[in-house]
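Peer 1: Following this message is one structure expressed as structure tokens.
The values are calculated or read from the model by the stated rules, or taken from the named source; none is laboratory data. A quick note: this is a predicted structure, and the numbers were derived from the prediction, not measured. Positions of Cβ are generated from backbone atoms using ideal geometry, with glycine treated the same way; all protein chains shown enter the neighbour counts. Ligands, DNA and RNA are excluded from the accessible area calculation, which covers all protein heavy atoms including side chains. Shrake-Rupley method; radii C 1.70, N 1.55, O 1.52, S 1.80 Å.
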Amino acid sequence: MSKTWKIYILALLSFLVGTSEFIIAGILDKISSSMDISLMAAGQLITVFSLVYAIGTPIIMAFTSGWDRRKLLLYALGLFVIANGLAFVMPGFGLFVSARVLMALGAGVVVVTSLSIAAIIAPQGRQASAIATVIMGFTASLIVGVPLGRMIAASYDWKMVFGGIGALGLVAIVVIALTIPSLQGEAAIPLRKQLALLKNPKMVMALSVSFFWLGGYSIAYTYISPYLLTITGMGEKMLSTALFAFGIASLLGSKLGGYSTDRWGVKRTLSSGMLLHVITLILLTLAAHSPSVVFPLLILWSFAAWSSGPTQQYNLVTLAPESSGIMLSLNSSVMQLAMAAGAGVGGVVVGQISLASVTWIGAIGVGIAMVITILSFRRSSARSKATVEASVEPLQRA
């Protein structure tokens, strides 16, 4: 089997993981109603998942850094399947939260390991596109998983979604075992040494971009279903169509982000994507009550937001190529912390201000990420210029 097909298999795997994470936003009102809890409480299911993912993933990756990558991927996928099965059968909000904790632990390792494998097996010069393809699985979960989950929740029981993910996960275990080769992991790196990367200001600024970019996105996206139903006035059928269109736009944005990074570089791709992201969230705020205007804005928002994903991942890999797995792990943790913070802030906004406010509050978060991006690139340019001048000066004296 070609390397390209193996990367697409990893993308399909990330589709399952992405669906299990993102589906909560698509069925938030259904969970709230069936479990007799508030929208704010239901939204914290995303916070719990993201926090466990963020904290657990780097610890697990540190202890398993020397493991064969395929073996680690299969073990993590096994835990993920078990967790989805428990989510399907266990009653009550508390037990469902427990299943989400296990799901997050498995999902985090699956994602980081899949990205690491994709970067290793990709042809030279195509690493960014390979990462973008795996991330495409996440965006495909927005295209197919979330709208399909919404339709299942509307017609049957929303827990059927997790039963289906678990069943497909079993099939994925067999496929991965047959197609992905054994790949030696990196030499074991203590967690203390991993965190030492955070002493580098350039790393901290880059990771801060991930935090504010995805945090701002999460504030709005977590409550997208009740927002479109209540504020915009969409019906159930139009909501499913909107979620489907949102997902297609995210796929296109992710692929274009990877292509643009390979073709025009990280700086131009990140800056333009985030600027468009901020603009669309502001326009969504202004046009909130008009479904005909909100619909195309949702597509533009999704396109802009997801164009930054593969670009940011590749940017971090290039900052520390000798520790690419560690950087991807740290970034995944930061992104999940951002999702947790975004869901938490969004809950406060919904409870204390209004549901309609989540879009412009989200725009503020993305705006902060854009400012950090611009400052970090200027700082890098200044350092490069100073280095060149320092190296030229002795030659001029000679």
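Peer 1: For Leu183, which sequence-distant residues (separation of 5 or more, or a different chain) have an amide H within less than 5 Å of its own amide H, given hydrogens modelled in the peptide plane?
Peer 2: The list, which skips near neighbours in sequence, is Arg69, Arg70, Lys71.
Peer 1: Which whole-number percentage describes the relative contact order of the chain, with Cα contacts under 8 Å and a sequence gap of 6 or more? Each step should come with its number before you reach the end.
Peer 2: Numbers: 656 pairs, mean separation 105.0, N = 398.
Relative contact order comes out at 26 percent.
Peer 1: Projected onto the charge dipole of the chain (+1 at Lys/Arg Cβ, -1 at Asp/Glu Cβ, origin at the Cα centre), which of Ile143, Ala130, Ile299 gives the Cα projection farthest towards the positive end?
Peer 2: So the residue we want is Ala130.
Peer 1: Next up: Given 0.36 nm per residue, what is the gain on full extension from Arg268 to Val89 after removing their alpha carbon distance, in nm? Write down the numbers at each step before the final one.
Peer 2: Details: separation 179, 0.36 × 179 = 64.44 nm, distance 4.76 nm.
Here the answer is 59.7 nm.
Peer 1: Suppose all protein chains stay in the model; what accessible area per residue would a 1.4 Å probe give for the chain, in Å²?
Peer 2: Result: 41 Å² of accessible area for each residue.
Peer 1: From the square roots a ≥ b ≥ c of the eigenvalues of the alpha-carbon gyration tensor of the range 43-99, which class results: rounded (a/c under 1.5), prolate (a/b over b/c), or oblate?
Peer 2: Details: a/c = 3.82, a/b = 1.63, b/c = 2.34.
Oblate.
Peer 1: Separate question: Expected output is a single nm value to one decimal: the length gained when fully extending between Ser182 and Tyr259, i.e. 0.36 nm times separation in residues minus the C-alpha distance. What is it? Show your work: numbers first, answer last.
Peer 2: Details: separation 77, 0.36 × 77 = 27.72 nm, distance 2.86 nm.
My answer for the length gained is 24.9 nm.
Peer 1: What ³J(HN,Hα) values, in whole Hz, does the Karplus curve 6.51 cos²θ - 1.76 cosθ + 1.60 give for the range 243-252 when θ = phi - 60°, with x put for Gly and Pro?
Peer 2: 5, 5, 5, 4, x, 4, 5, 5, 5, 4
Peer 1: Along the charge dipole of the chain, which of Ile364, Ala245, Val97 sits closest to the positive end, that is, farthest toward it, with unit charges on the beta carbon of Lys, Arg, Asp and Glu (+1, +1, -1, -1)?
Peer 2: Ile364
Peer 1: Could I ask something else about it? Net charge around Tyr156, counting only other residues with Cβ within less than 15 Å of its Cβ (Lys, Arg = +1; Asp, Glu = -1)?
Peer 2: On the way: positive: Lys30, Arg150, Lys159; negative: Asp157, Glu236.
Residues close to Tyr156 contribute a combined charge of +1.
Peer 1: Express in Å², to the nearest 10, the accessible area of Met339 obtained by rolling a 1.4 Å probe over the protein heavy atoms while all chains stay in place.
Peer 2: Its accessible surface works out to 10 Å², give or take rounding.
Peer 1: Using the Kirkwood formula on the Cα atoms of the range 8-165, what hydrodynamic radius do you get, in angstrom to one decimal?
Peer 2: Kirkwood hydrodynamic radius for the range 8-165: 16.0 Å.
Peer 1: Let me ask something additional. To the nearest 10 square angstrom, how much accessible area does Leu283 have with a 1.4 angstrom probe?
Peer 2: 70 Å²
Peer 1: Which of rounded, prolate or oblate describes the chain when judged by the alpha-carbon gyration tensor and an a/c cut-off of 1.5?
Peer 2: Numbers: a/c = 1.81, a/b = 1.25, b/c = 1.45.
Oblate is the answer for the chain, as a/c is 1.5 or above yet b/c matches or exceeds a/b.
Peer 1: Same structure again: Between Ser2 and Lys199, what length in nm is gained on full extension when 0.36 nm per residue of separation is reduced by their alpha carbon distance?
Peer 2: On the way: separation 197, 0.36 × 197 = 70.92 nm, distance 3.98 nm.
Here the answer is 66.9 nm.
Peer 1: Ok, one more. Separation between the Leu286 and Ser34 pseudo-spin-labels, each 7 Å from Cα along Cα→Cβ, expressed in nm?
Peer 2: Those two pseudo-labels are separated by 4.0 nm.
Peer 1: Now for a separate question. Could you work out how far apart the two model spin labels at Tyr156 and Ile364 are, taking each label as a point 7 Å from the Cα in the direction of the beta carbon, and quote it in nm?
Peer 2: Those two pseudo-labels are separated by 4.2 nm.
Peer 1: At 222 nm, what helix-only mean residue ellipticity would the chain give, in deg cm²/dmol to the nearest 500, using -39500 (n - 2.57) for each DSSP H run of four or more? Each step should come with its number before you reach the end.
Peer 2: Working: 15 runs with 325 residues, N = 398.
Taking each H run of at least 4 residues, the total per residue is -28500 deg cm²/dmol.
Peer 1: Hey, which of these cross-link pairs are over 27 Å Cα-Cα: Lys199/Lys267; Lys71/Lys199; Lys3/Lys255? Can you show the working numbers first?
Peer 2: On the way: Lys199/Lys267 23 Å; Lys71/Lys199 32 Å; Lys3/Lys255 18 Å.
Violating the 27 Å limit, Cα to Cα: Lys71/Lys199.
Peer 1: Moving to a separate point now. Go through 216-225, 292-301 and give me the packing order, highest mean Cβ count within 10 Å leading.
Peer 2: Details: 216-225: 27.8, 292-301: 18.4.
Packing proxy ranking, top to bottom: 216-225, 292-301.
Peer 1: Still on this structure, I have one more. What FRET efficiency do you get for Thr318 and Asp68 if R0 is 35 Å and r is their Cβ-Cβ distance, rounded to the nearest 0.05?
Peer 2: Values: r = 26 Å, r/R0 = 0.74.
FRET efficiency, Thr318 to Asp68: 0.85.
Peer 1: For Cα pairs less than 8 Å apart in space and 6+ apart in sequence, what is the mean separation divided by the residue count of the range 8-149, i.e. the relative contact order in percent? Present the calculation step by step, with values, prior to reporting the outcome.
Peer 2: Values: 154 pairs, mean separation 62.1, N = 142.
Once divided by the residue count of the range 8-149, the mean separation gives 44 percent.
Peer 1: Another question, then. Taking all protein chains in place and a 1.4 Å probe, what share, in percent, of the accessible surface of the chain do carbon and sulfur account for? Please report the intermediate quantities before stating the final value.
Peer 2: Working: 11280 of 16130 Å².
Roughly 70 percent of what the probe reaches on the chain is carbon or sulfur.
Peer 1: Return an integer: the convex hull volume of the alpha-carbon atoms of the range 1-69, in Å³ per residue.
Peer 2: Working: hull volume 7.7 nm³, N = 69.
Given the Cα convex hull of the range 1-69, per-residue volume reads 111 Å³.
Peer 1: What does the C-alpha gyration tensor say about the overall shape of the range 204-299? Classify as rounded when a/c is under 1.5, otherwise prolate if a/b is larger than b/c, or oblate.
Peer 2: In terms of gyration-tensor shape, prolate.
Peer 1: Sticking with this one: What ³J(HN,Hα) values, in whole Hz, does the Karplus curve 6.51 cos²θ - 1.76 cosθ + 1.60 give for the range 339-349 when θ = phi - 60°, with x put for Gly and Pro?
Peer 2: Going residue by residue, I get 4, 5, 5, x, 5, x, 4, x, x, 5, 4 Hz, with x marking Gly and Pro.
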